[in-house]
């Protein structure tokens with residue numbers, strides 16, 4: 001059982017460190033993983049039948065997945081007041 005926990009922890013950490021390169025920066029991925037692990041540990045402490053470690057692993061995986069899939073754009077406004085963000089090539093994408 002302990003070996004499975006170690007493997008699960010390694011999988012969660014690899015999700016946080018090796019998320020899609022185009023999705024977010026590594027700092028944002030680790031932040032999402034840490035927040036998810038903290039929330040999962042809290043749920044594991046409250047919910048009967050779920051350990052704190054299991055809650056942290058599940059929460060960390062969920063936080064990493066959520067952070068990788070969300071679109072985190074910084075929006076700007078042009079001279080006419082329209083909102084846009086810059087894509088990877090530096091082109092304006094209007095919303």
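The values are calculated or read from the model by the stated rules, or taken from the named source; none is laboratory data. Please read these numbers as outputs of a predicted model, since none were measured by experiment. Counting neighbours? That spans all protein chains shown, and the Cβs are built from the backbone with ideal geometry, glycine included.
Of note:
- Taken over the stretch 13-42, the criterion of being modelled with pLDDT under 60, assigned to a helix (DSSP H, G or I) and surrounded by 12 or more Cβ atoms within 10 Å (Cβ to Cβ) is satisfied by 13, 15, 16, 17.
- Checking each residue in the stretch 43-54 for being touching a helix residue (DSSP H, G or I) at 6+ places or on another chain (Cβ under 8 Å) and either buried (at least 17 other Cβ atoms within 10 Å of the Cβ) or outside any helix (DSSP H, G or I) (or both) picks out 44, 47, 50, 51, 54.
- The set of residues in the stretch 57-88 that are more than 23 Å from residue 25 (Cβ to Cβ) and buried (at least 17 other Cβ atoms within 10 Å of the Cβ) comprises 57, 58.
- Unmet requirement for residue 8, which otherwise passes all of (1) modelled with pLDDT under 60; (2) farther than 17 Å from residue 68 by Cβ: (1)
- Members of the stretch 55-95 found to be in contact (Cβ under 8 Å) with a residue 24 or more places away in the chain and assigned to a helix (DSSP H, G or I), listed by number: 57, 60, 61, 62, 63, 64, 65, 66, 67, 68, 69
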